[in-house]
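The values are calculated or read from the model by the stated rules, or taken from the named source; none is laboratory data. Keep in mind that this is a model prediction, so the values were computed, not measured. Note that each Cβ is placed from the backbone with ideal geometry, even for glycine, and that neighbours are counted across all protein chains shown. To get the accessible areas, we keep the full protein, side chains included, count just its heavy atoms, and leave off ligands, DNA and RNA. Shrake-Rupley method; radii C 1.70, N 1.55, O 1.52, S 1.80 Å.
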Amino acid sequence: MQQEQQHEEPINSAQELDQTAAPAGAEHEEPVAAESLEAQVAALEAKVAELQSAVLYARADTENVRRRAQDDVAAAHKYSVGKFATELLIVKDCLEMALKDNSSIENIKMGVDMTLRNLSGAFDKFAVKEIDPQPGEKLDPNRHQAMSAVESDQEANTVVSVMQKGYVIAERVLRPAMVVVAKAKAE
């Protein structure tokens, strides 16, 4: 009988309808969900601001590294010959001493010999090597420059004599050796 009474009672208002349709505690979920979304949005906005700041710092750091590298390269180009020039100062000093002491040919010869040793030492320090082809050596167009060709008993395109030595620095040719090469005899 009680069941009949419950079904027979009419619902009086819209508010009662909402209360019966919605489960208990549902009216509190909407504000909690909205507050939760607002908090998430605020957290994401803070994270975006943090990441933007990090990007700006990274760009500035990259620009500073690039600028420092450019300065280092410019300084390297500007002062790269400094050590070599210091070694050549010793050679200049020796030449000046040789010219100053002209009391005898032997003193001048000794001064020039000392100069040549100092210059050779400077070349060795900085990996400057001679290109001094021997007679009969095959002509290497990358390291030799043929100045003339003469008829010879040697094989064609081989070195007959050296007019001027060449030089390389770290496998890069500074100056090719100037050579006279053999050509086949006219018959």
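So if R0 is 41 Å, what FRET efficiency would Ala42 and Asp72 give, r being the distance between their Cβ atoms, rounded to the nearest 0.05?
0.35
Between rounded, prolate and oblate, where does region 98-187 land on the alpha carbon gyration tensor, with a ≥ b ≥ c its root eigenvalues, rounded for a/c under 1.5, else prolate if a/b exceeds b/c?
Since a/c reaches 1.5 but b/c is at least a/b, the shape of region 98-187 is classed as oblate.
Quick check: at a probe of 1.4 Å, how many percent of the accessible area of region 38-187 sits on carbon and sulfur atoms?
The nonpolar share, carbon plus sulfur, comes to 58 percent.
With every protein chain kept in place and ligands, DNA and RNA left out, what is the accessible area per residue of region 36-105? Probe 1.4 Å, answer in Å².
Averaged over the residues of region 36-105, the accessible area is 86 Å².
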